[in-house]
Ligand SMILES: [Zn+2]
């Protein structure tokens, strides 16, 4: 593997086009511009199990220090059960699962709203 091929973070987001720029701007604001691997999966925390292989690959290849998970309001993948409680519960669960697998990494979970970004869990 090439040296210096490390990034600061891995970000897991929903595919939803309405939140792509919002989330990228938020991560830029955290000093992560062009410095994170991006994994997209419908529903984000809802389908964390389906993205584990990609997360593993990102961590193995690029040795990030942090993992960000972003759910968002009005998520089609959540369908009928798009409640705040359901998002919060899945984000908390995602944080627990990721912390157990990657105990040395900082795991940050967020709920993206149309007008603000909220840390959850
Ligand atoms: Zn979504």
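The values are calculated or read from the model by the stated rules, or taken from the named source; none is laboratory data. Small disclaimer: the values here were computed from a predicted structure and weren't measured. Note that we place each Cβ from the backbone using ideal geometry, even for glycine, and neighbour counts take in every protein chain shown.
Each row is one residue, and each column tells you yes or no for (1) loosely packed, with under 14 Cβ neighbours inside 10 Å; (2) away from the ligand (no atom under 16 Å from the Cβ); (3) touching a residue at least 12 places away in the same chain (Cβ under 8 Å).
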residue	(1), (2), (3)
29	yes, yes, no
39	no, no, yes
46	no, no, yes
53	yes, yes, no
62	no, yes, yes
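Residues that are more than 27 Å from residue 85 (Cα to Cα) and in contact (Cβ under 8 Å) with a residue 24 or more places away in the chain within segment 1-27 comprise 1, 5, 6, 7, 8, listed in sequence order. Within segment 72-88, residues that are under 21 Å from residue 40 (Cβ atoms) and touching a residue at least 40 places away in the same chain (Cβ under 8 Å) have Cβ atoms under 9 Å from residues that are in a helix (DSSP H, G or I) and more than 9 Å from the ligand (Cβ to nearest atom) in these pairs: 72/22; 72/23; 72/87; 73/84; 73/87; 75/87; 77/47; 87/45, counting only partners at least 6 apart in sequence or on another chain. Scanning segment 12-27 for residues that are surrounded by fewer than 16 Cβ atoms within 10 Å (Cβ to Cβ) and either at pLDDT below 95 or in contact with a strand residue (DSSP E or B) (Cβ under 7 Å, 6 or more places away or on another chain) (or both) yields a single hit, 15. Of all the residues in segment 64-76, those that are within 12 Å of the ligand (Cβ to nearest atom) and within 24 Å of residue 6 (Cβ to Cβ) number 1. The residues in segment 1-21 that are within 12 Å of the ligand (Cβ to nearest atom) and part of a helix (DSSP H, G or I) can be counted, and the count is 4. Within segment 77-87, being within 16 Å of the ligand (Cβ to nearest atom) and either assigned to a helix (DSSP H, G or I) or in contact with a strand residue (DSSP E or B) (Cβ under 8 Å, 6 or more places away or on another chain) (or both) holds for 77, 78, 84, 86, 87.
Residue 95 meets the stated requirement of being within 12 Å of the chain's Cα centre (by Cα), away from the ligand (no atom under 13 Å from the Cβ) and surrounded by fewer than 20 Cβ atoms within 10 Å (Cβ to Cβ).
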